[in-house]
Amino acid sequence: ASSSICLSWLRGGDDDSPPRSLRDELWGLCSRPLPVGSFGHCAAQLVRCQSLEEALRLGFRRYHGLLADFVPRLVVQGGVARVQLLRRGPPDAPLNPRLDYAQKAFLLFAFGLACWLVARRVPVRSVDYTEPAPRSDSSRVYQAPIRPHQPHVGLCFDARWLELPVVQSPQSLREFLA
């Protein structure tokens, strides 16, 4: 339920939704606003990709310039694909709860969009959180174990899923964002 509310906000929601009132798709949690419409504009590019890997790489490159506080990355090694959200700034900086929440929200949006693009739920092996003891239902949402105390927020899955074709179209995107 919370993911559908979050996706509704990213789609623009109703006039009382936080992104319109804050002019920020990450609800003022980062040091710089994420412009309203970023999700839709990025998704419009991604439906033209051939594979999930191409879509993730393109989407993360697009957000690299939009996000001031963290950088989304896709790393593939040894048959495992890792989505990592690398914080910008000093590596020993204390945990910022607002930024941590923004990263987790972004991870959820990226995962949801990835699954929608290929019209399949991508099975997640594990989810990484930086905080010591996650206080959420994230394990149920991702259907995977949460690993606390990790250097980055992220998730991993079998790399073979990156080969899935993107099956959505500009028309299905219009319906999705409606």
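The values are calculated or read from the model by the stated rules, or taken from the named source; none is laboratory data. The structure displayed is predicted, hence computed values, not measured ones. Because the Cβ atoms are built from the backbone with ideal geometry, glycine has one as well, and the counts that use them run over all protein chains shown. All accessible areas refer to the heavy atoms of the entire protein, side chains included, with ligands and DNA or RNA removed. Shrake-Rupley method; radii C 1.70, N 1.55, O 1.52, S 1.80 Å.
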Complete set of residues in the stretch 38-56 that are buried (at least 16 other Cβ atoms within 10 Å of the Cβ) and without any contact (Cβ under 8 Å) to a residue 40 or more places away in the chain: 38, 42
Complete set of residues in the stretch 57-73 that are in contact with a Phe, Trp or Tyr (Cβ under 7 Å, 6 or more places away or on another chain) and either buried (at least 19 other Cβ atoms within 10 Å of the Cβ) or outside any strand (DSSP E or B) (or both): 72
Search result, residues across the stretch 87-115 that are surrounded by 17 or more Cβ atoms within 10 Å (Cβ to Cβ) and either among the aliphatic types (A, V, I, L, M) or part of a loop (DSSP other than H, G, I, E, B) (or both): 96, 99, 102, 105, 107, 108, 110, 113, 114
Residue count, the stretch 129-178 (criterion: in a strand (DSSP E or B), of a type outside the set (A, V, I, L, M) and open to solvent by 20 Å² or more (accessible area, probe 1.4 Å)): 3
Where a residue in the stretch 22-36 is in contact (Cβ under 8 Å) with a residue 12 or more places away in the chain and its partner, wherever it lies, is among the aromatic types (Phe, Trp, Tyr) and open to solvent by 30 Å² or more (accessible area, probe 1.4 Å), with Cβ under 6 Å and at least six apart: 29/101
Residue pairs meeting the criteria (Cβ under 7 Å; at least 6 apart or on separate chains; first under 30 Å from residue 94 (Cβ atoms), in the stretch 141-167; second hydrophobic (A, V, I, L, M, F, W, C) and open to solvent by 50 Å² or more (accessible area, probe 1.4 Å)): 148/133
